[in-house]
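Structure record follows, encoded as structure tokens.
Values in this text are rule-based calculations from the coordinates and carry no lab data. Just so it is clear, the model here is predicted, and its values are computed rather than measured. Using ideal geometry, Cβ is built from the backbone for each residue, glycine included, and neighbour counts are taken over all protein chains shown.
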Amino acid sequence: MKIVLAYSGGLDTSVAIKWLQEKGHEVVTFTAEIGQNENLNKIKEKAENLGATAYALDLREEFVEDYVSPAIRANALYEGIYPLATALARPLIAKYLVEIAKKENASAVAHGCTGKGNDKVRFDVTINALDENLKIISPMVEWGMSRDEEIKYAKEHNIPVKSTSKSPYSIDENLWGRSAECGILEHPECEPPEDAYEWTTKPENAPDKAEYMEIGYEKGIPVSINSENLNKIQLVVNLNKIAGKHGIGRLDCMEDRIVGLKSREIYEAPAAVLLINAHNDLQKYVSTIHENLFRKMVEDKWAYMVYAGLWMDPLRKELEAFINKANEKVTGNVRVKLYKGNFMIVGRESKNGLYDLNLATYDKGSLFNERASDGFIELWGLQSRMFNKIHGEMMKNKK
């Protein structure tokens, strides 16, 4: 059987090539460049050296345009913390797995996901939605090897891998973020060791001088840093470096996985943390209170659906119809201050801002009619007053 394998070049998928071949299958690999800072040609060559036919495509532009940009507009943070870097990439990779399978006349696709994580859900649900006739193989589930056993297997078969018993982290990264799992990180009570991080400076070692920057948005999409217009890829890359230098974007969270497990996750997402929080601040500035209260429900649902592998569900696009409309007025600039692992939003401006100094000022000459507040308060608290009057008298009678 011909199988198209989602191939990262890491431990799991490298040993999966050999395992599938030992089962008598012909393996075709697909590697997507989405900002993981690895040499595509070397990964492709590695797969070929292991006896596979290899595909490698640079999908960074599509990733940022069609997946990251909607996430920024949606202020997408799963459980209020995780910017969905890995979750956003999975439906894109699945899309090309299916396309290559059709091109190669393959009858199955495979990936290196375990049954404990979310990624198997994300891949399988998306692949099934795109082509329900494709068989999906999960070598890591069917094989049942531990990580140490995989490392031993790789050595026995002369498969070059980065992971060692001394550095057992499972890493996933793309433009939008980096995740680290396994090893000591599986113990929630332990502080992550410094070698778990690569993108961010330890806050104590970050520059002693604060750095200010201004991020410009047009219709909810970041377009500039300090008035310099940049393409979407370069803007994210630059922010990862600048914010990472200041120790910003380290996330350590207990996360609810879709499969029911609690999981301790370590993320680095300097650009994502900055861009989403700055966007949220600007959107709050240009939107009414009713929009701001309602959109939070929509945004949380959008983030949950992406996290849960439901990219292909029609509700995701329907939610985006509201999100895109709400972002039409989110144009302006946000000023942020970066210092020692923290960032502060210290200013924002927009022609669409609903703030009016002439109304808000406490100086003499304010145009706000303070006498109107008496009538408003009378009506605003009417039912609360009636409830307490009635139930207060009922309590007196009980006594």
**Complete:** Hull surface over four for the Cα convex hull of the stretch 59-200, reported in nm², is 10.7
**Message:** Taking 2.2 N^0.38 Å as the expected size of a compact globular protein, what ratio does the Cα radius of gyration of the stretch 173-349 give against it, to two decimals?
**Reply:** 1.10
**Prompt:** Around residue 281, with a cut-off of 12 angstrom between Cβ atoms, what is the net charge of the other residues, counting Lys and Arg +1 and Asp and Glu -1?
**Reply:** +2
**Prompt:** Where nothing but the Cβ of Lys and Arg (+1) and of Asp and Glu (-1) is charged, how large is the charge dipole of the stretch 357-398 around its Cα centre, in debye to the nearest 20?
**Reply:** 300
**Prompt:** Summing -39500 (n - 2.57) over the DSSP H runs of n ≥ 4 in the chain and dividing by its residue number, what mean residue ellipticity at 222 nm do you reach, to the nearest 500 deg cm²/dmol?
**Reply:** -13000 deg cm²/dmol
**Request:** Using per-residue counts of other Cβ atoms within 10 Å, averaged over each peptide, order 265-278, 77-90, 370-383, 302-315 from highest down.
**Result:** 265-278, 77-90, 302-315, 370-383
**Fill in**
Taking every other residue with Cβ under 11 Å from the Cβ of residue 73 and scoring Lys and Arg +1, Asp and Glu -1, one gets 0
**Message:** Let me spell out the model: positive unit charges on the Cβ of Lys and Arg, negative unit charges on the Cβ of Asp and Glu, origin at the Cα centre of the chain. What dipole size does that give, in debye rounded to 20?
**Reply:** 940
**Percentage, to the nearest whole number, of Cα pairs in the chain over 41 Å apart** = 26
**Request:** Sort 134-146, 345-357 for me by packing, meaning the mean count of neighbouring Cβ atoms within 10 Å per residue, highest on top.
**Result:** 134-146, 345-357
**Request:** Assign one of three labels to the stretch 357-398, namely rounded, prolate or oblate, based on the Cα gyration tensor with a ≥ b ≥ c the square roots of its eigenvalues; rounded applies when a/c is under 1.5, prolate when it is not and a/b is larger than b/c, and oblate otherwise.
**Result:** prolate
**Message:** For the chain, give me the percentage of DSSP beta bridges that are antiparallel, rounded to the nearest 5 percent.
**Reply:** 70
**Prompt:** By how many degrees, between 0 and 90 and to the nearest 10, does the Cα long axis of helix 382-398 differ from the longest principal axis of the chain?
**Reply:** 80
**Request:** Once every Cα of the stretch 1-122 carries one equal point scatterer and solvent is ignored, give the base-10 log of I(q)/I(0) from the Debye formula at q = 0.12, 0.18, 0.19, 0.23 Å⁻¹, two decimals.
**Result:** -0.46, -0.96, -1.05, -1.39
**Complete:** When 111, 25, 279, 157 are ranked with the fewest other C-beta atoms within 10 Å first, the list becomes 157, 25, 279, 111
**Item:** Summed side-chain charge close to residue 121 - residues other than residue 121 whose Cβ falls under 10 Å, Lys, Arg +1, Asp, Glu -1
**Value:** +2
**Asked** Charges only on Cβ, +1 for Lys and Arg, -1 for Asp and Glu: so what's the dipole of the stretch 243-390 about the Cα centre, in debye to the nearest 20?
**Response** 260
**Request:** Note the angle between two axes, namely the Cα long axis of helix 314-326 and the longest principal axis of the Cα atoms of the chain, as a number of degrees from 0 to 90, rounded to the nearest 10.
**Result:** 40
**Fill in**
Exposure-ranked with fewest Cβ neighbours within 10 Å first, 197, 212 stand as 212, 197
**Message:** Taking 20 Å as the cut-off for C-alpha to C-alpha distance, list the pairs among 135/155; 46/155; 301/325; 219/241; 95/232 that go past it.
**Reply:** 135/155; 219/241; 95/232
**Message:** Using a 10 Å cut-off around each Cβ, can you sort 250, 335 from fewest to most neighbouring Cβ atoms?
**Reply:** 335, 250
